[in-house]
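Following: one structure in structure tokens, then a few remarks.
The values are calculated or read from the model by the stated rules, or taken from the named source; none is laboratory data. This is a predicted model, so every value here is computed, not measured. We place every Cβ from the backbone using ideal geometry, glycine too, and count neighbours over all the protein chains shown.
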Amino acid sequence: MHTDHILPTRVYYTIFGILLLCTYLTWQIAYYDLGRLNTVAALGIAVFKAVLVVLFFMHAKYSTRLTWVVAAAGVFWLGILLALTMGDYLTRGWIN
Amino acid sequence: MPELAHHNPALAHQFENLAQQKEASTLGMWVFLVTEILFFGGLFLTYCVYRNSYADAFTAASRELIVWAGTTNTAVLITSSLTMALAVRAAQTGQRRLLMILLAATMALGCVFLGIKAFEYYAEYIAHHVPGAGFQFEAEHYRHAQIFFSLYFLMTGLHAVHMIIGLGIMAVMLWWSYRGIISAEYYNPIEISGLYWHFVDIVWIFLFPLLYLIGRHAH
């Protein structure tokens, strides 16, 4: 019983190339003044890179549904932590 | 449903077969990584709160970090993730020699990362950027820049501790590979060590832009 997915090395080299390219992009973009978009771009690229690492290097793409649920739960609870706390801090200025 | 794999010495008695054992260990590692997400998450949250309150001090302090060192270290860690991913593949295909070379390469890259990090800490120490009595910074941001540097040392320090633990895990994996404990049928230890290593890489992927890049455009 062998259900393991042995990916061709080409997949790993491609992901590696994209990750390096994204690192170069995020570094270069930081030197342009885009206002609030600087943070959006930096975090957007970071999330994209993290997703690639999780899906391919960590084999999540080929893991069981149960693994998916556990990983998603971690991100979901992190979302609660960030959203509820920042929901407080970011709206404090609304009170006169 | 008896299986041939049943006789593999690596199969613990509570499992039906090696595939079930692998699924359990992978799931267990992911559960641990979820606790790690929330462990680092608390620090990322603290960063968000203070950066929101003291945005100008944070950009001014961020500019003092050595951006080439941070960028180089990002590339070094991504390369170590590649060698780690290839090491898992070498374990899957039973290429023991290649597995050992790739594990050693991963460790070497981890050491390069820590070396560059140590150089940065030293440079920041010399520049009086360590929070406390000896801290020096432009008067306007003196207090709040210390919050940035506190978070910088705490977050990169906790990340570095994870790197050092990772090096220890890789050393054990290298030893097990050498001893022939790892095989194409039983490579769970390499697989879940890889999960840990990649997770630590992901933490850095977020630390890099948030710490090094937030003040680069405002000159």
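Those residues that are at the interface with another protein chain (Cβ under 7 Å from one of its Cβ atoms), crowded, with 16+ Cβ neighbours inside 10 Å and of a type in the set (A, V, I, L, M, F, W, C), I need them from region B:23-32; list them, please. Within region B:23-32, B:LEU27, B:TRP30 meet the criteria. Inspect all residues belonging to region B:130-149 and state whether any of them is touching a Pro at 6+ places or on another chain (Cβ under 6 Å) and at pLDDT 95 or above. Scanning region B:130-149 turns up at least one residue that is touching a Pro at 6+ places or on another chain (Cβ under 6 Å) and at pLDDT 95 or above.
Please tell me if B:TRP30 is more than 16 Å from B:SER150 (Cα to Cα) and in contact (Cβ under 8 Å) with a residue 60 or more places away in the chain.
Numbers: more than 16 Å from B:SER150 (Cα to Cα): yes; in contact (Cβ under 8 Å) with a residue 60 or more places away in the chain: yes.
The answer is yes for B:TRP30.
Hey, any hits in region A:81-96 for a residue that's among the hydrophobic types (A, V, I, L, M, F, W, C) and surrounded by 19 or more Cβ atoms within 10 Å (Cβ to Cβ)? Give the steps one after another, and end with the answer.
Taking region A:81-96 and keeping what is among the hydrophobic types (A, V, I, L, M, F, W, C), we get A:81-84, A:86, A:90, A:94-95.
Going one step further and asking which of them are surrounded by 19 or more Cβ atoms within 10 Å (Cβ to Cβ), we end up with none.
So far as region A:81-96 goes, no, none of its residues is among the hydrophobic types (A, V, I, L, M, F, W, C) and surrounded by 19 or more Cβ atoms within 10 Å (Cβ to Cβ).
Of the residues that make up region A:62-76, is at least one over 17 Å from B:LEU33 (Cα atoms) and under 19 Å from the mean Cα position of the chain (by Cα)? I'd like the intermediate steps shown before the answer.
So in region A:62-76, the residues over 17 Å from B:LEU33 (Cα atoms) come out as A:62.
Filter once more, keeping what is under 19 Å from the mean Cα position of the chain (by Cα): A:62.
Scanning region A:62-76, I find at least one residue that is over 17 Å from B:LEU33 (Cα atoms) and under 19 Å from the mean Cα position of the chain (by Cα), so the answer is yes.
Checked across region B:61-83, the condition of being of a type in the set (D, E, K, R), within 22 Å of A:TYR24 (Cβ to Cβ) and away from every other protein chain (no Cβ under 12 Å) holds for no residue.
Taking the condition more than 10 Å from every other protein chain (Cβ to nearest Cβ), more than 24 Å from B:PRO209 (Cβ to Cβ), assigned to a helix (DSSP H, G or I) and over 15 Å from the mean Cα position of the chain (by Cα), does A:GLY93 pass? Here the answer is yes, as A:GLY93 does meet what is asked. The single condition among (1) surrounded by 18 or more Cβ atoms within 10 Å (Cβ to Cβ); (2) in contact (Cβ under 8 Å) with a residue 60 or more places away in the chain that B:LEU43 does not satisfy is (1). Condition (residue is more than 13 Å from chain A (Cβ to nearest Cβ), touching a residue at least 40 places away in the same chain (Cβ under 8 Å), over 12 Å from the mean Cα position of the chain (by Cα) and within 22 Å of B:ALA75 (Cβ to Cβ)) applied to region B:159-177: is it met by at least one residue? Looking through region B:159-177, at least one residue is more than 13 Å from chain A (Cβ to nearest Cβ), touching a residue at least 40 places away in the same chain (Cβ under 8 Å), over 12 Å from the mean Cα position of the chain (by Cα) and within 22 Å of B:ALA75 (Cβ to Cβ). Considering only residues in region A:8-62 that are under 29 Å from B:THR26 (Cβ atoms) and of a type in the set (Lys, Arg), the one that is surrounded by the most Cβ atoms within 10 Å (Cβ to Cβ) turns out to be A:LYS49.
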